[in-house]
Amino acid sequence: MAQTDLQKEKGAIVGIKTNALYWGTVTPNLGLEFRLARHWSLDVEAGLNPFTGKKDDGSFGKSIKHFRVHPELSFKDYKHQ
């Protein structure tokens, strides 16, 4: 989005997004996409699932606690669309 719709604009362009399927696994997440230059963008997405799966006796069962960061650098060549 930050690459294609606003390719002739100048200045910083930022897009905010989320992954709806992760919300289904109770993992809140948020992503930001920044346009760095005319053909380049940086996308950073993070998600956190804070549940530990701790049992009443203090032991742990199957734990689904995790923190996820997904950076992505993209190049778009407009000549080959």
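So which of GLY31, GLY11, GLY53 is out of contact with any Phe, Trp or Tyr (no Cβ under 7 Å at 6 or more places or on another chain), farther than 14 Å from PRO71 by Cα and either modelled with pLDDT of 90 or more or among the small types (Gly, Ala, Ser) (or both)?
On the way: GLY31 fails: farther than 14 Å from PRO71 by Cα; GLY53 fails: out of contact with any Phe, Trp or Tyr (no Cβ under 7 Å at 6 or more places or on another chain).
Only one candidate qualifies: GLY11.
Of everything in segment 21-59, what is more than 26 Å from LEU73 (Cα to Cα) and touching a residue at least 12 places away in the same chain (Cβ under 8 Å)? Give them in sequence order. Show your work before the answer.
Kept after step one, since they are more than 26 Å from LEU73 (Cα to Cα), are these residues of segment 21-59: 24-26, 50-59.
THR25, VAL26, PRO50, PHE51, THR52, GLY53, listed by residue number.
The values are calculated or read from the model by the stated rules, or taken from the named source; none is laboratory data. None of these values were measured; they are calculated from a predicted model. A quick note on method: Cβ atoms are made from the backbone with ideal geometry, for glycine too, and the neighbour counts reach across all protein chains shown.
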